[in-house]
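*Asks:* This is the structure I have questions about; it appears just below.
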Amino acid sequence: MISGPAMSGWRHPARLVVLAFLAATAAGTALFMLPVAAEPGRSTGLLTALFTAVSGITGTGLAVVDTGAHWSTFGEVVLLVLCQIGGFGIMTMASVLALLVSHRLGLHMQLTVKTETNTLNLGHVRRVIAGVVTISLAVEAIGAAVLATRFWLGYDMTLGRALYEGVFHAVSAFNSVGLALYPDNLMRFATDPWICLPVVAVAVTGGLGFPVLFEILRGRSRRRGRWSLHTKITVPVYLGLIAVGTLVVLTVEWSKAGTLGPYGVGEKLLIGLFHGAMPGTAGFNTIDIAQLQPATMLVHDVLMFIGGGSAGTTGGIKVTTFALIAFVLLAEVRAEPSVHVMGRKISAEVQRQAVTVALLGVGVVMTATMILLATTQFRLDDVLFETTSAFGGVGMSTGITAKLPPVAQLVIIVLMFIGRVGSITLVSALALRERRRRYELPEERPIVG
């Protein structure tokens with residue numbers, strides 16, 4: 001029987017998050033390997049089942065098989081459930097850990113820590129879980145209703161099929177999965193605003209993060225001055241990144257034959273907005289990703305690496321991390337002794353955490369990229385796009401996912417897991433395991449730059 005420090009270590013919230021995701025992944029893999037999970041005449045190997053389970057539970061959405069053609073209705077439902085559990089689990093656990101960290105940082109929302117067991121106050125946990133589930137289901141229900149109505153009235157689907165597709169794509173959008181039931185993703189709906197705009201709205205809502213949504217829904221949206229610093233940073237920076245992505249897509253791809261060229265002005269604006277939002281949210285696509293210009297792909301890489309709001313359904317290093325690093329650079333350029341943001345001082349510990357998360361993210365993506373370049377014959381543009389998409393939990397692909405050798409697919413699996421679980425546990429561990437030095441060594445200044 002395990003007891004003492006070993007058992008106490010496994011009770012640490014960060015480790016519990018990892019164990020929960022591993023258990024869900026194992027269950028999903030087993031279900032996908034069942035004959036009933038695939039269409040008649042198709043079989044599912046262990047690697048395919050594992051890849052799909054990890055992609056679903058982490059909300060990444062990369063796929064090595066055609067979702068609609070390979071999986072039966074049972075398999076699609078299993079995938080949908082994994083996406084929903086992943087969204088609930090990621091948002092709930094991330095919110096709990098974020099609130100635990102905020103207790104140490106003195107923010108409004110606090111959770112108490114029982115020092116002997118490392119468990120959280122059950123009343124607070126119930127409140128957080130109830131809020132996450134309520135918001136998630138409400139947003140998904142609204143999105144599903146709009147999409148189902150459009151599928152039913154605009155595409156001659158039966159009511160039952162329209163409801164199924166509406167629910168599937170709404171859940172996929174909110175939980176930042178980006179999987180569609182069509183081999184071309186959502187390209188057939190590229191010019192349909194009744195499909196594209198609801199998908200964008202649902203995906204952006206999930207990408208903002210639960211703390212921001214919870215704060216806005218409590219009524220503080222009426223008085224922006226009372227928003228917390230986290231919300232004040234997240235909302236404008238996140239929307240600003242979407243605007244940048246939209247502008248780049250429209251500017252670079254406007255006249256390109258393989259992307260926006262064949263469409264009218266209004267259709268181009270719709271596609272531009274859709275693809276400006278998707279790199280930081282769900283990762284659906286309405287134009288062929290493989291046809292994007294290198295400049296557009298590079299900007300997509302950056303947006304996917306940054307991701308969305310903290311404790312949301314997206315991956316990446318998070319918007320607040322990116323913004324804090326920008327504020328640190330700005331303060332350094334101005335030769336200011338401390339970092340001030342919107343009337344608040346940012347502690348040195350938070351600055352270190354932001355830099356650490358960003359640099360570790362770069363290291364993980366670069367390592368994975370080098371391994372894929374060494375084991376495949378694909379171009380750097382395509383490989384970097386794939387690894388960044390996996391780390392950012394986006395699911396966009398230039399089409400090389402199914403063509404990757406087993407070793408490369410295993411790397412993507414690990415990258416999806418790290419990108420979605422590792423960044424959360426890293427930030428929490430850094431804050432919870434803070435130690436004070438009892439002495440300092442002599443100071444010396446190496447040359448910088």
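*Asks:* Evaluate the range 178-185: report whether one residue or more is over 26 Å from Thr67 (Cβ atoms) and either open to solvent by 10 Å² or more (accessible area, probe 1.4 Å) or of a type in the set (S, T, N, Q) (or both). Walk me through how you get there before you give the answer.
*Replies:* So in the range 178-185, the residues over 26 Å from Thr67 (Cβ atoms) come out as none.
The answer is no; no qualifying residue exists.
*Asks:* Here is a follow-up. Would you please list the contacts, defined by Cβ atoms under 7 Å and residues six or more apart or on different chains, that run from a residue in the range 166-188 that is farther than 17 Å from His275 by Cβ to a residue that is acidic (Asp, Glu) and not in a helix (DSSP H, G or I)?
*Replies:* Short answer, once both residue conditions are applied: Pro183/Asp66.
*Asks:* Still on this structure, please answer the following. Exactly one of these conditions fails for Val302: (1) assigned to a helix (DSSP H, G or I); (2) out of contact with any Pro (no Cβ under 9 Å at 6 or more places or on another chain); (3) not polar (S, T, N, Q). Give me its number.
*Replies:* (2)
*Asks:* Could you tell me whether the range 145-162 includes any residue that is free of Cβ contacts under 8 Å to residues at least 24 places away in the same chain, closer than 27 Å to Met416 by Cα and surrounded by 15 or more Cβ atoms within 10 Å (Cβ to Cβ)?
*Replies:* no
*Asks:* Just give me the residues in the range 26-54 being touching a residue at least 40 places away in the same chain (Cβ under 8 Å) and buried (at least 17 other Cβ atoms within 10 Å of the Cβ), in sequence order.
*Replies:* Within the range 26-54, Gly28, Leu31, Phe32, Ala37, Leu50, Phe51, Val54 qualify.
*Asks:* Within the range 249-258, is even one residue under 20 Å from Ala173 (Cα atoms), open to solvent by 60 Å² or more (accessible area, probe 1.4 Å) and at pLDDT 90 or above?
*Replies:* The first filter runs over the range 249-258 and keeps only residues under 20 Å from Ala173 (Cα atoms), leaving none.
Checking the range 249-258: not a single residue is under 20 Å from Ala173 (Cα atoms), open to solvent by 60 Å² or more (accessible area, probe 1.4 Å) and at pLDDT 90 or above.
*Asks:* Can you tell me how many residues within the range 27-58 are under 15 Å from Glu76 (Cβ atoms) and not in a helix (DSSP H, G or I)?
*Replies:* 6
*Asks:* Of the residues that make up the range 195-215, is at least one of a type outside the set (Ser, Thr, Tyr), modelled with pLDDT of 95 or more and surrounded by fewer than 16 Cβ atoms within 10 Å (Cβ to Cβ)?
*Replies:* Within the range 195-215 (the criterion being of a type outside the set (Ser, Thr, Tyr), modelled with pLDDT of 95 or more and surrounded by fewer than 16 Cβ atoms within 10 Å (Cβ to Cβ)), the answer is yes, since at least one residue qualifies.
*Asks:* If you don't mind, another one. If a residue counts only when it is touching a Lys or Arg at 6+ places or on another chain (Cβ under 8 Å) and at pLDDT below 90, which helices (runs of 4 or more DSSP H) contained entirely in the range 377-449 have at least 2 such residues? Before you say what the answer is, go through the steps one by one.
*Replies:* On the way: elements: 380-391, 406-417, 423-432.
It comes to 423-432.
*Asks:* Only residues that are touching a helix residue (DSSP H, G or I) at 6+ places or on another chain (Cβ under 6 Å) and part of a loop (DSSP other than H, G, I, E, B): list them for the range 183-195, please.
*Replies:* Ala190, Thr191
*Asks:* Could you tell me which numbered condition Ala374 fails, if it satisfies all but one of (1) outside any helix (DSSP H, G or I); (2) over 29 Å from Leu324 (Cα atoms)?
*Replies:* (1)
*Asks:* Can you find a residue that is on the phi > 0 side of the Ramachandran plot, surrounded by 24 or more Cβ atoms within 10 Å (Cβ to Cβ), under 21 Å from the mean Cα position of the chain (by Cα) and in a loop (DSSP other than H, G, I, E, B) anywhere in the range 163-177?
*Replies:* yes
*Asks:* Only one of these conditions is not met by His340: (1) assigned to a strand (DSSP E or B); (2) open to solvent by less than 30 Å² (accessible area, probe 1.4 Å). Which number is it?
*Replies:* Result: His340 fails condition (2) only.
*Asks:* Restrict the check to the range 315-331 and report whether at least one residue is open to solvent by 60 Å² or more (accessible area, probe 1.4 Å) and of a type in the set (Gly, Ala, Ser).
*Replies:* Residues of the range 315-331 that are open to solvent by 60 Å² or more (accessible area, probe 1.4 Å), as a first pass: 322, 329-330.
From what is left, the residues that are of a type in the set (Gly, Ala, Ser) are none.
So far as the range 315-331 goes, no, none of its residues is open to solvent by 60 Å² or more (accessible area, probe 1.4 Å) and of a type in the set (Gly, Ala, Ser).
*Asks:* Which residue out of Val362, Val394 is open to solvent by 60 Å² or more (accessible area, probe 1.4 Å) and under 16 Å from Leu303 (Cα atoms)? Break it down into steps so the answer makes sense when it comes.
*Replies:* On the way: Val394 fails: open to solvent by 60 Å² or more (accessible area, probe 1.4 Å).
Residue meeting the stated conditions: Val362.
The values are calculated or read from the model by the stated rules, or taken from the named source; none is laboratory data. As the structure is a computational prediction, the values presented were derived from the model and not from experiment. When we count neighbours, we look across all protein chains shown, and the Cβ atoms used for this are built from the backbone with ideal geometry, even at glycine. Side chains are part of the model used for accessible areas, which takes the heavy atoms of the whole protein and leaves out ligands, DNA and RNA. Shrake-Rupley method; radii C 1.70, N 1.55, O 1.52, S 1.80 Å.
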